[in-house]
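First the structure, in the form of structure tokens, and then the observations on it.
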Amino acid sequence: MRYHNSFIKTNKQAKQYDSVNATLLSKGGFIHQTMAGVYTFLPLGWRVLNKIEDIIRQEMDTVGAEMLMPSIVPTALWEKTDRFKSVDILFQASAANDLSRKKNDARYVLSPTHEEVITPIAQTVKPSYKDLPFAVYQIQTKFRNEERPKSGLLRGREFRMKDLYSFHATADDLSEYYDHLKDVYRTIFNRLGLGDDTVLTLASGGDFTDDYSHEFNARCETGEDLVYYDTKQAVYYNKEVASAELMANSEPFAASEVGNIFPLGTKFSKAFSYTYTDKAGRAQPVHMASYGIGTSRVMGVLVERGHDDQGIIWPEAVAPYQVQLVALSSGDTGVAQRADDFYEALTSAGVEVLYDDRPEVAAGEKLKDADLIGLPWRAVISAKTGERLELKRRAKEEVKLVNVTDALKVVQSADAY
């Protein structure tokens, strides 16, 4: 992508938000705040979000089938499960309050989660014991009526989410699949660059279950969660479920939740009378679980964990481009031609490049933009580099002067110099 043809513009004068991720993503031209808790994903941000979701989709395709459910659903579905009044973050719309602009008395919910939608659908498609187990998932925009949205992409009113729902004949079968999903989630977070510091944590069930749920918490100095480790049990606990004794005798660490999984049991299947017919012809309740990953939240956490004073430091797997190519030509047609040639060589080799070819922008400004955007590699071509170029890894200080052939080999490999 050539910079001058793109819809990309940094804004280093953007306001300081209450979180690192909101500030740097806004300054770097990844997102734009439309209102409190609601963000537009600009081209750079959309590329990052798509890469995060593609990784998640690849792993989810090994355990379930993808589908897409509606965001707006009738309140009657939520009333079936008694969650319409108990969940206090629901966005609601109706003709009576003039939010929906509809000429009828229908009432709706903008869904923060989709148990109420998928359960009656599954009931019609999979009614027999022969149909179980199965799982379906979606990646979709969700809504939470947060009173005070905060922390940028970590807690907003509109956000992206992957949610998977599994259905089982027995509690034992659910438990086996549930444990398998823990391993799948670990693979996902490893691929996203969060694996080394992400722990499985016991948490409360909230509105989903009376039992424990599990969170995946990434260690993060600015995280809003506190996690305690019980050395005797070798178990991590969220502060909400940690015992007073554990909190008194252990030091917590700050973390951000990047995923959660809930054993739902038969709560939702009973609400919708979803049963299967067993071999003896008897009706049995279906056992369920749900599994979520906040994809936009992951993006925010990656920035909270990966940045320095100059800007963002993206992991290779989700960076919007792999290389920021900077031409410091100052009207030198030879420099511009060498940069063009290297750009063509990189793109022909399948390397994703953001080519800063803006002739009117000063050298220092281009280099600052490169650090702010935070791509894994920066390649600079100028009069002083001659037939070579300056190659720098974003996360390191060292700058190397290399020829084009060697530079191409380096950025194509996973190895840093």
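Where a number appears in this text, it was derived from the coordinates with a stated rule and is not lab data. Just so we're clear, the structure is a prediction, and the values are computed from it rather than from any experiment. Glycine gets a Cβ as well: all are built from the backbone with ideal geometry, and neighbour counts include every protein chain shown.
The ranking of Ile381, Ile313, Ile56 by Cβ neighbour count inside 10 Å, starting from the fewest, reads Ile313, Ile56, Ile381.
Debye-formula intensities of the stretch 321-412, expressed as log10 I(q)/I(0) at q = 0.16, 0.18 Å⁻¹, are -0.55, -0.71 (one equal scatterer per alpha-carbon, no solvent). For the chain, the Kirkwood radius over C-alpha pairs fed into Stokes-Einstein at 4 °C and 1.567 mPa s yields D = 55 µm² per second.
Checking the cross-link pairs Lys15/Lys396; Lys368/Lys392; Lys150/Lys267; Lys15/Lys368; Lys150/Lys368 against a 24 Å limit on the alpha carbon distance flags Lys15/Lys396; Lys150/Lys267; Lys150/Lys368 as lying beyond it. Based on Cα contacts under 8 Å between residues 6+ apart, the stretch 252-326 shows a relative contact order of 27 percent. Length gain on complete extension for the stretch His180 to Ala362, per 0.36 nm per residue less the alpha carbon to alpha carbon distance? In short, 60.2 nm is gained.
Aspartates and glutamates within cross-link reach of Lys232: Cα-Cα under 17 Å, excluding same-chain residues under 8 positions apart? Straight-distance partners of Lys232: Glu245, Glu251.
Sorted from fewest to most neighbouring beta carbons within 10 Å, what does the list Ile55, Ile31 look like?
Ranked by crowding around the Cβ, least crowded first: Ile55, Ile31.
By the count of other C-beta atoms within 10 Å, a proxy for reagent exposure, Ser413, Ser26 are ordered fewest to most as Ser413, Ser26. The simple Förster model, with R0 at 41 Å and r as the Cβ-Cβ distance, assigns Ser330 and Leu226 a FRET efficiency of 0.20.
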